[in-house]
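A.B. asks: Following this message is one structure expressed as structure tokens.
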Amino acid sequence: MHAYDLILTLTGGLLAALLLGMVTRRLGASPILGYLLAGIVVGPQTPGFVANLELAGQLAEVGIVLLMFGVGLHFQLGDLLKVRRIAVPGAVVQSLFATVLGTAVALAFGWSASAGLVLGMSVAVASTVVLIRMLTDHDALETPHGHVAVGWLIVEDIFTVVILLMVPVLASLRGAHASAAQAVGIIGIGLVKLTALIAIVLVVGARVVPWFLTRVARSRSPELFTLAVLAVALAVATGSAVIFGASMALGAFLAGMVVGQSKVSHQAAADALPMRDAFAVLFFVTVGMQFDPRALIARPGLVLSVLAIILLAKPLAALVVVVVLGYSVRTALTVAIGLAQIGEFSFILADTAHKVDLFPAEGRSVLVASAIASIGLNPLLFRLMDPLEEWLRGRPTLWRGLNRRAEARGEALREQAPKEPTRECDVRAIVVGYGPVGRTAVDILDRFNVCSVIVELSIDTVTELTNIGRNAVYGDARRAEVLHAAGIETADYLVVTTPNPETRAAVVDAARNLQPDLPIFVRAHYMSERKTLETHRATAVCYEEAEAAVRLAEMLLTEIGVEAAQIEAESLRIRASLGPGATP
């Protein structure tokens, strides 16, 4: 192996992914499409630079681990329960329908039953990443329709995790050519191993991992904490595969669930996200590298049939299910179009099955071609949603037929939709930092019935605050994930009291990106920080340097007998000279 293969593979793969990701994003498509195309460009089937597929595959394994760790980390049962009446039955029916069709298509083209099942299950699940991007671009993520669509895909993701549980067991069963009694024994041993894995991770790990991460957090070292999160994800994933014979993807998902229940979950998510994104790009690049156009030339009918399932059968099944369950045409169209693509889970499942000889190599090329086509078309389909809804409205008979059950249910959709949390106070403020200044600010806010959420990097402080019933979040407020956890979307004010100047500016910048109009009040040491804070658009700044000078002057002027009105006027003049953003 060449000494520079790893560096060349990383450089070539990431550079191609960056360029093609920017192109596809500019065209209104998901960057995932660009990453897959980048893999084809640096793969062995195209001329020019060829990345090392073996090394890329190992890097892709890390990408799978971090992707699944992120899914587990953000998995919230409450989000699913809010839309369970439609998401659970809908996802079950649509997934079974797509799986049966995919299996039938595979059998018709001479594949084995096991390969057909894997193909069917792979096309049944859509990409949550692509869906959320499309909903965000069309301002539909926080609508009732968007919540239903996301909940639907969460159920599909859970199905995929369950399937990943069974893949090693099915592989052992298939390879053994066992009798009925032996088959039962193999399945039983496999289930015992999986049960032991889940029990150890979710019971023992739920105590050990949070304790370990909390100890690391007490070191106040961001590097050590990031390293600890990465080590936990990789250790649990690797142990699941080596010791219990499960997939690394499943182990990573379970590790994410455990970390997600701890007090440090928000900071863990913030630290894992950049690593996950980088390695996930390499995962998609590696998938693209495995694309073989000869498979398409040899089996064009297979590719077209799979695309028909993804672009027609799945959306139509979802449309019918949503309408039958009594939801509006808008919800039905959102779910149907959101499902008309495949992505990361499809590849994870196919890759896991291929490693144990349950899925042929040409199947991955079929899935890559289908993903490229469906992800590329998905933005266009979303743009057609409004014209399609208007077209249906123009046909009263059809429109009334589709909406009959929704109208009978009355306000059912709004009852299913997530509701705004009940507010105990009239005003909500996020206070970053709980040192002497932050503590004083919180005390004052309490006396005036202002709810405060404290963001603090001392895990001990956060533990003490939560133990006495205070709303506190552990994490670095410069990270968007931590501000989200603090509820910046519904906050009325942000108060930044942290002593570090660079941190203050970064917090203001991060908050502005999430809430452009949020009033932000900042504590600063020196007036020399004024330009930086103005650049980041802080609403008002209290300069300790200036306040010390003003207070000293006030005390001196009072001592020498200057009238109170003159002292107040002079103080106001000094503060006004600091600019409109300055405040006492």
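A.B. asks: How high is the relative contact order of the chain, in percent, counting Cα pairs under 8 Å that sit 6 or more residues apart? Don't skip to the end; give the middle numbers.
C.D. replies: Numbers: 920 pairs, mean separation 96.4, N = 584.
The value is 16 percent.
A.B. asks: Enumerate the amide H contacts of Val455 below 5 Å, restricted to partners 5 or more residues apart or on another chain; note that Pro and chain-start residues carry no placed amide H.
C.D. replies: Answer set, sorted by chain and number: Val431, Val432, Gly433, Val473.
A.B. asks: Any idea how far the Cα center of the range 448-525 sits from the one of the range 136-166, in Å?
C.D. replies: Between the Cα centre of the range 448-525 and that of the range 136-166, the gap is 29 Å.
A.B. asks: Sticking with this one: Among rounded, prolate and oblate, which fits the range 242-372 when a ≥ b ≥ c are the square roots of the eigenvalues of its C-alpha gyration tensor, a/c under 1.5 means rounded, and a/b larger than b/c means prolate?
C.D. replies: oblate
A.B. asks: Name the residue farthest towards the positive end of the dipole of the chain from the options Val232, Phe244, Ala564, assuming +1 on Cβ of Lys and Arg, -1 on Cβ of Asp and Glu, about the Cα centre.
C.D. replies: With unit charges placed on the Cβ atoms, the residue in question is Phe244.
A.B. asks: Same structure again: Which order do the peptides 472-479, 290-297, 233-240, 514-521 come out in when sorted by mean C-beta neighbours inside 10 angstrom, highest first?
C.D. replies: 472-479, 233-240, 290-297, 514-521
A.B. asks: Using modelled amide H (1.01 Å from N, peptide plane; none on Pro or chain starts), what sits under 5 Å from the amide H of Val522, excluding residues fewer than 5 places away?
C.D. replies: Those lying under 5 Å, H to H, from Val522 are Val496, Ala540, Val541, Cys542.
A.B. asks: Could you check how much of the accessible area of the chain is carbon and sulfur, as a whole percent, using a 1.4 Å probe?
C.D. replies: Carbon and sulfur atoms account for 65 percent of the accessible area of the chain.
A.B. asks: How would the range 244-292 be classified by its alpha-carbon gyration tensor: rounded, prolate or oblate, with rounded meaning a/c under 1.5 and the a/b versus b/c comparison settling the rest?
C.D. replies: oblate
A.B. asks: Quick check: from the Cα gyration tensor, does the range 1-73 come out rounded (a/c under 1.5), prolate or oblate?
C.D. replies: oblate
A.B. asks: For Val427, what residues show an amide H to amide H distance below 5 Å, using hydrogens built from the backbone and excluding near sequence neighbours?
C.D. replies: Excluding prolines and chain starts, which carry no amide H, the hits are Cys451.
A.B. asks: Provide the per-residue ³J(HN,Hα) series for the range 28-33, in order, calculated from phi with Karplus coefficients 6.51, -1.76, 1.60 and θ = phi - 60°, each as a whole number of Hz, with x at glycine and proline positions.
C.D. replies: These are the phi-based 3J(HN,Hα) values: x, 9, 6, x, 4, 4 Hz.
A.B. asks: Sticking with this structure for a sec: Kindly report the accessible area of the range 1-126 per residue (heavy atoms of protein chains, probe 1.4 Å, no ligands, DNA or RNA), in Å².
C.D. replies: Computed with neighbouring chains in place, this is 45 Å² per residue.
A.B. asks: Oh, and also: ³J(HN,Hα) across the range 298-313 via Karplus (A = 6.51, B = -1.76, C = 1.60, θ = phi - 60°), whole Hz, x for Gly/Pro?
C.D. replies: Each residue's phi maps through the Karplus curve to give 6, 10, x, x, 5, 4, 5, 5, 5, 4, 5, 5, 5, 8, 10, 5 Hz.
A.B. asks: Right, next: Determine the relative contact order of the range 480-556: mean sequence separation of Cα pairs under 8 Å and six or more apart, normalised by residue count, in whole percent.
C.D. replies: Over the range 480-556, the number comes to 29 percent.
A.B. asks: Here is a further query. Treat each spin label as a single point 7 Å out from the Cα along the C-beta direction, and report the Phe109 to Tyr4 distance in nm.
C.D. replies: About 4.0 nm separates the two model spin labels.
A.B. asks: Straight-line reach only, C-alpha to C-alpha below 17 angstrom: list the aspartates and glutamates that Lys82 could link to, leaving out same-chain residues fewer than 8 apart.
C.D. replies: Qualifying aspartates and glutamates at Cα under 17 Å: Glu142, Glu156, Asp157, Glu411, Glu415, Glu420.
A.B. asks: I would also like to ask the following. In nm, to one decimal, how far is the modelled label at Thr11 from the one at Lys531, with both set 7 Å along Cα→Cβ?
C.D. replies: About 3.7 nm separates the two model spin labels.
A.B. asks: Any idea what the dipole of the chain comes to, in debye rounded to 20, about its Cα centre with Lys/Arg Cβ at +1 and Asp/Glu Cβ at -1?
C.D. replies: Computed charge dipole of the chain: roughly 1740 debye.
A.B. asks: Can you pull out the chymotrypsin sites (Phe, Trp or Tyr not before Pro) in the range 16-74 that DSSP calls coil and that have at most 16 other Cβ atoms within 10 Å? Intermediate values should be presented prior to the final figure.
C.D. replies: Values: sites: Tyr35, Phe49, Phe69; in loops: Phe49.
Listed in order of number, the matching sites are Phe49.
A.B. asks: At a Förster distance of 60 Å, what's the computed FRET efficiency of Glu568 paired with Arg383, Cβ-Cβ distance as r, to 0.05?
C.D. replies: 0.50
The values are calculated or read from the model by the stated rules, or taken from the named source; none is laboratory data. What you see is a predicted model; the values in this text were computed from it and never measured. All Cβ positions, glycine included, derive from the backbone under ideal geometry; neighbour counts span all protein chains shown. Only protein heavy atoms, including side chains, enter the accessible area calculation; ligands, DNA and RNA are left aside. Shrake-Rupley method; radii C 1.70, N 1.55, O 1.52, S 1.80 Å.
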